[in-house]
Amino acid sequence: MTQLPLDDLTAAVARIRGLLLTEEKVDRAVALLAQAIKESLPGSPGAGVSLMDAAGKRTSSAATDSLVEKLDAAQYELGEGPCLTAWATGTVVIIEDLQTDTRWPRWQSAVASLPVRSVVSAPLVVGKEALGAFKIYSALPGQYDESTGRALSLFAETAATLLAHIQGTEAPLRMAESLKASLASRDTVNRACGMLMERQGISHERALQQLIQNARVSGATLVEVSEQLATRVPPAGS
Amino acid sequence: MGFDPHEPEQRGQLRDALTAADITVGELWLRYFSMTGSAGEYEVQAYLQGLISLPVIQRDLLALACNEIIAEKPPLHAPCADQMKGMGPIGPS
């Protein structure tokens, strides 16, 4: 008799566990990225990375120090700031001096008391999808120009590709759903087989063959055929 | 059980269908599993490579699984110029 082999269940469980780990992996990757940016740039500026969903809501973020966290929190609270602009436009945003830059007036006044003057923010884009943005901050004005921007956007491309592989705020859900669905449909098909076996006094294999045949003739899927059979009242005779 | 004379041909055509429709073994196996298929993903892979033999019913389930996946895929379609306007720029709404 066909029994579910152990390696099927192992594979299913491994998949589910892989999914649960995904969120943590993203957070870790984002934190490593922020640290790498800080360490690889001259003067070790504060760095922060944020990932956003399609609506611009932050899904995960990391910062190298609390100053960056404050700057970021203000951005996402107010819904404006260089990172959101970089993310939305897909271009690098450079602020030469925060004190004189008036593009984001509410954010500017919210962070006016913090020791920050120069900011660069680059979008994390893979293909056509904007995953988020990262930025670096400096306490001195005029630290960053077009050439910093170009270098950062090159780096951003690599980082975004990496993140796209790890990121899975939606993928795990989808995957878990499809696993649940396949277990449910397995049940449905087995139930239909059981009914055929009982009604016609045939083996499991014969019952399954019959379902396959029905699906092929009707053009419906095996699950659809099984569902129909399971919900139909058996005819009194045959 | 022994080798069914039709098995190599059936397997070969399944493989061609998978390649043409760009379906991975994982994808195929998950669908087949949901249809009460009892071979593991490894075994399915081995079957596709002709390394092991599977009973007729398992082979038929695999074929059916493959066909169901193909039926669900949107058919290929090349758009004309006036069908392109739905494609907006990237970014938030």
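The values are calculated or read from the model by the stated rules, or taken from the named source; none is laboratory data. Because the structure is a prediction, the values reported are computed rather than measured. Here the Cβ positions follow ideal geometry from the backbone for every residue, glycine too, while neighbour counts run over all protein chains shown. SASA here: full protein model, heavy atoms, side chains in, ligands and nucleic acids out. Shrake-Rupley method; radii C 1.70, N 1.55, O 1.52, S 1.80 Å.
The table below gives the values:
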{"item": "Cα long-axis angle, helix B:7-21 against chain B (0 to 90 degrees, to the nearest 10)", "result": "10"}
{"item": "Spacing of the two label points (7 Å from each Cα toward its C-beta) at A:Asp145 and B:Ala78, in nm", "result": "4.9"}
{"item": "Share of alpha-carbon pairs per 10 Å distance bin for the stretch A:7-166, given as whole %", "result": "11, 41, 31, 10, 5, 2, 0"}
{"item": "Under Karplus coefficients 6.51, -1.76 and 1.60, residue-wise ³J(HN,Hα) of the stretch A:112-120 in Hz, glycine/proline x", "result": "4, 7, 8, x, 9, 10, 9, 9, 10"}
{"item": "Apportionment of accessible area to carbon and sulfur, the stretch A:171-231, percent (1.4 Å)", "result": "53"}
{"item": "Most mobile of B:Asp82, B:Asp60, B:Asp16 in a GNM of chain B (Cα contacts under 10 Å)", "result": "B:Asp82"}
{"item": "Shielding by other protein chains, B:35-46, mean Cβ within 10 Å", "result": "5"}
{"item": "Heavy-atom accessible surface that A and B bury in contact, both chains counted, 1.4 Å, Å² to 100", "result": "2200"}
{"item": "Length added when fully stretched, A:Ala230-A:Lys57, from 0.36 nm per residue minus Cα-Cα", "result": "57.9 nm"}
{"item": "Using alpha-carbon coordinates, inclination of helix B:56-72 to the longest axis of chain B, degrees", "result": "0"}
{"item": "Cα centroid separation - the stretch A:117-168 against the stretch A:30-108, whole Å", "result": "9"}
{"item": "Members of A:Lys38/A:Lys70; A:Lys128/B:Lys73; A:Lys70/A:Lys128; A:Lys180/B:Lys73; A:Lys128/A:Lys180 lying beyond 24 Å, as alpha-carbon distances in this model show", "result": "A:Lys70/A:Lys128; A:Lys128/A:Lys180"}
{"item": "Calculated from backbone phi, Karplus (6.51, -1.76, 1.60) coupling profile of the stretch B:41-52 in Hz, x at Gly/Pro", "result": "4, 4, 5, 4, 4, 5, 4, 4, 8, x, 8, 10"}
{"item": "Approximate spin-label separation B:Tyr42-A:Leu154, in nm, with each point projected 7 Å along Cα-to-Cβ", "result": "4.6"}
{"item": "Extension gain from A:Ala31 to A:Asp65, taking 0.36 nm per residue of separation minus the Cα-Cα distance", "result": "11.1 nm"}
{"item": "Crossing angle, helix B:25-34 versus chain B [Cα axis fit, 0-90 degrees, rounded to tens]", "result": "70"}
{"item": "Histogram of C-alpha separations across the stretch B:7-71, 10 Å bin width, %", "result": "24, 65, 11"}
